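The values are calculated or read from the model by the stated rules, or taken from the named source; none is laboratory data. What you are looking at is a predicted structure, and each value in this text was computed from that prediction instead of being measured. Note: accessible area is taken over every heavy atom of the protein model, side chains too, but ligands, DNA and RNA are not part of it. Shrake-Rupley method; radii C 1.70, N 1.55, O 1.52, S 1.80 Å.
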Amino acid sequence: PLFASIGIEVYSLTDEQYTLMVNAGVNNMTMFQETYNPVLYKYLHPAGPKSVYEFRLDAPERAGRAGMRSLGLGALLGLEELWHDGFATGLHAWWLQRRFPGTDIGVSIPRICSHEGHFDIPHELDDRRFVQYVTALRIFLPRDTITCSSRESASRRNHLMQICVNRVSAGVSTAVGGRVKSTETPPQFD
């Protein structure tokens, strides 16, 4: 009763768990598929509850069936070729929009940035192609929310807001353990 909207960004839940969330007042969710390539997904998530590709893929649909008013999704751009994950993300949002016509659908557009560690970016996405992709999403999904991540610079976020992005994540820490008060945790991104 104290908030107009409560959203979650958690692991994939069951139908019953999403219904429990809705009954408790949660009305929106975001689920990052990370990649729509099932073979690559399995390689990146070989074990544990996150390893079931289909269960994660179907999470927004389960949340929609439970009555969530807003569903968000996205792929981590750079894991797979843009033509594959970009197309699949747009198609997934389009399908959800038709399956749940009274529900707000949102697409997040995070791309892998330079980071700590030794993971090479397999399909690095330059700024030009990134802007082309986000613009194509806006044309294809004119009523959907497009969220630009704090992985992007403030300048880039501001630029994208002028042409196709209508939401930004602000005040988000992308550092590993970023909410913990410690100087020993290196940032996840430059």
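When you have a sec, figure out the Kirkwood radius of segment 118-161 from all distinct Cα pair distances and drop it here in Å to one decimal? Let's see the in-between values first.
Values: mean 1/r = 0.0844 Å⁻¹.
About 11.8 Å for segment 118-161.
Give the relative contact order (percent, whole number) for segment 1-90; include only Cα pairs under 8 Å separated by 6+ residues. Over segment 1-90, the number comes to 36 percent. With 0.36 nm allotted per residue and the present C-alpha distance subtracted, the ALA47-ILE139 stretch has 29.4 nm of extension available.
Rounded to the nearest 500, what is the 222 nm mean residue ellipticity of the chain from helices alone, with -39500 (n - 2.57) per DSSP H run of 4+ residues and division by all residues? Intermediate results must be reported in sequence, preceding the final value.
Values: 7 runs with 71 residues, N = 190.
Per the formula, -11000 deg cm²/dmol.
Across the accessible surface of segment 25-71, with the other protein chains kept in place and a 1.4 Å probe, carbon and sulfur atoms take up 61 percent. For SER108, nonlocal amide neighbours, meaning residues 5 or more places apart or on other chains whose placed amide H falls under 5 Å from its own, are LEU73, GLY74, THR147. Taking N as the residue count of the chain, its C-alpha radius of gyration divided by 2.2 N^0.38 Å amounts to 1.03.
Computed over protein heavy atoms with a 1.4 Å probe, the accessible surface of segment 5-77 works out to 48 Å² per residue. Multiplying the residue separation of PHE119 and HIS84 by 0.36 nm and removing their Cα-Cα distance gives an extension gain of 10.6 nm.
At 1.4 Å probe radius, can you tell me the per residue accessible area of segment 114-158 in Å²?
Working: 2730 Å² over 45 residues.
That works out to 61 Å² for each residue.
Extension gain for the segment ALA4 to LEU20, taken as residue separation times 0.36 nm less the Cα-Cα distance, is 4.0 nm to one decimal.
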